[in-house]
Amino acid sequence: MPGTLDGMHHDPPQWPAAQSDTAQSDTPQSGTGQPDAAQPDAAQRLASESDPGGQESPAKELDTRRPFPPGDLVAAGLDRRLVRQARFTQIFRGVYVEASVPILADIRAAAVLALFDRTAFVSHTTAARLRGIPVPTLPTEHVSVLDAHHRRQREGIQCHVTGTADIDTVRRLRVSAPEQLFVELASLLDLVDLVVVGDHLVSKGLTTPTRLAARCRKLPGASGRLARRAARFVRKGVESPMETRLGMLLVLAGLPEPDINSTFRADPDGQARRYDLSWPAVKVIAEYDGRHHIEREEQWEADLSRREGIDDDGWRILVVTSRGIYKEPELTVVRVWRLLRARGLAGVPSRLSEAWRPHFPGQPGSS
């Protein structure tokens, strides 16, 4: 009776190193760290179905928990028609994986690379998702190749050709390096989303504002101009995408640039406080308040106490929620502008710029 894959022990997937052609061993391990002789691997079980007579053939090991083209079945001495079985899911045309494997960012990225030569690397939003960088949800996956002869067409995948590239390895997959990724995303994102990416890269220690600016300095075309403009707004110390968005809203409106996450003593007990955006010269703070970063009731109460303490020392704090950025951006701009003018901050314009409007359209009837 043919064997099955049911009940097979599965270790977490480990992607083969992109730079090496050495086959990776996927022999299941027992609790002692030794191969479990009683536990056949995926290739052995598939072989029993492909060849019920039990004839052994010199097969290349295949881990079907990793994306693979049907040709890999043949290389493993198996029947390529096995991919038609319900146990496999097609990720893209010509790439399959076991149906039990969750199709997450790393699996999709590996599936993309399975279709291309070994010099290819995932790029653009595919690379961003693999790195955990906040980008808008776009359905197309992206891959870059170094030679136009290696370009291939697949539904759901956009292939780019680049003569040179800076490449890192993330989760053992070839991926665009941080500065390269920032440049790539300038062809897909708008100004604010690109600054969000830049701030995130800097906050994770993957690059610096200076390195981003240098990488963008001589880029041609519209995407090059956008990359240079966005790089000028990237700052150290930004801790969340919403902080970036709030800061961009205010700066594009023409307000003086605030300090970012500055720490200072501003309450009677002398305790150091840190706030998202501040103008210390006039004791004004603007903070994004999102429940996404309030994990416990105690933290919420501590935030309230922190705000009450700063009010006691003559500081003013303006709290902005997601509504004030996505639905009522004009109200947010006007609130901060009026307070800064009332407090006499130098450089506050008598009339606000309209440059923020294309990036923060708001919703009709919200203000």
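What about GLY77, is it more than 23 Å from the chain's Cα centre (by Cα) and on the phi > 0 side of the Ramachandran plot?
On the way: more than 23 Å from the chain's Cα centre (by Cα): yes; on the phi > 0 side of the Ramachandran plot: yes.
Yes: the conditions hold for GLY77.
Can you work out which of the residues in the stretch 105-121 that are part of a loop (DSSP other than H, G, I, E, B) and of a type in the set (Gly, Ala, Ser) is surrounded by the fewest Cβ atoms within 10 Å (Cβ to Cβ)? Lay out the reasoning, then the answer.
Of the stretch 105-121, the ones part of a loop (DSSP other than H, G, I, E, B) are 114-120.
From the residues that got through so far, the ones that are of a type in the set (Gly, Ala, Ser) too are 114, 120.
Values: ALA114: 20, ALA120: 24.
Looking at the filtered set, the residue picked out is ALA114.
Kindly indicate whether ALA120 is of a type in the set (Gly, Ala, Ser) and either in contact with a Ser or Thr (Cβ under 9 Å, 6 or more places away or on another chain) or in the same structural domain as PRO70 (by TED's automatic domain parsing) (or both).
Values: of a type in the set (Gly, Ala, Ser): yes; either in contact with a Ser or Thr (Cβ under 9 Å, 6 or more places away or on another chain) or in the same structural domain as PRO70 (by TED's automatic domain parsing) (or both): yes.
The answer is yes for ALA120.
Among the numbered criteria (1) in contact with a helix residue (DSSP H, G or I) (Cβ under 6 Å, 6 or more places away or on another chain); (2) farther than 24 Å from LEU249 by Cα, which one does ALA186 miss?
So the condition that ALA186 fails would be (2).
Quick test of your reading of the structure: GLY33 fulfils all but one of (1) on the phi > 0 side of the Ramachandran plot; (2) at pLDDT 55 or above. Name the failing condition by number.
That leaves (2) as the condition not met.
Show me the strands (runs of 3 or more DSSP E) found entirely inside the stretch 151-232 where at least 3 residues are crowded, with 21+ Cβ neighbours inside 10 Å and modelled with pLDDT of 95 or more. Can you show your working first?
Numbers: elements: 157-161, 167-170, 173-176.
Here the list reads 173-176.
What's the number of the condition GLY362 fails, among (1) on the phi > 0 side of the Ramachandran plot; (2) modelled with pLDDT of 90 or more; (3) surrounded by fewer than 12 Cβ atoms within 10 Å (Cβ to Cβ)?
Going through the list (1) on the phi > 0 side of the Ramachandran plot; (2) modelled with pLDDT of 90 or more; (3) surrounded by fewer than 12 Cβ atoms within 10 Å (Cβ to Cβ), GLY362 breaks only (3).
The values are calculated or read from the model by the stated rules, or taken from the named source; none is laboratory data. Since this is a predicted model, take the numbers as computed values, not measurements. Note: ideal-geometry Cβ built from the backbone for every residue, glycine included; neighbour counts use all protein chains shown.
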